[in-house]
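Okay, structure first, notes after.
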Amino acid sequence: QVQLVESGGGSVQPGGSLRLSCAASGSILSISAMGWYRQAPGKQRELVAIITHAGVATYGEPVEGRSTISRDNVKNTVFLQMTSLKPEDTAVYYCNAKGLLETNRNYRAETWGQGTQVTVSP
């Protein structure tokens, strides 16, 4: 079974920074893309950032320019460095992996982490 383990969430002041990490564990051969989505109470889940195996990154408009996503393909880990955080960034951030190929050759289209809380408040 493939599992996504998130870390780095917490509470910060506006203008602060936070670094999220997500590591995929299990018998994994490859992952097409990994990234982050977020969901605030009463709102739909939205894209924060994703990055492909080749290193092509896509950012959601609300965080573009304030976030940097990177990945370690060997460790199947993705990082999200967020800066200039705003109260509206407060949400549960979910790690997401797409196109997972396991060592048994099974293919999983998508896997989600359980989420990590990010709170931005004075």
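Side notes on the structure shown:
- Net charge dipole, the chain: roughly 140 debye, given to the nearest 20, about the Cα centre with Cβ charges of +1 for Lys and Arg and -1 for Asp and Glu.
- Reachable aspartates and glutamates from Lys75, criterion Cα separation under 20 angstrom, eight or more residues apart if same chain: Glu6, Glu102, Glu110
- Of Ala97, Ala54, Ala33, the one that fluctuates the most in a GNM where the chain has Cα springs shorter than 10 Å: Ala54
- Potential lengthening of the chain between Thr103 and Ser7 amounts to 32.0 nm, from the contour at 0.36 nm per residue minus the alpha-carbon distance.
- DSSP loop trypsin sites (Lys or Arg not before Pro) with at most 16 other Cβ within 10 Å excluded, longest remaining stretch of the chain: 1-42
Laboratory data are not the source of any read-out in this text; all were calculated from the coordinates shown. Nothing here was measured: the structure is a model prediction, and the numbers come from that model. Here the Cβ is made from the backbone with ideal geometry for all residues, glycine too, and neighbour counts use every protein chain on show.
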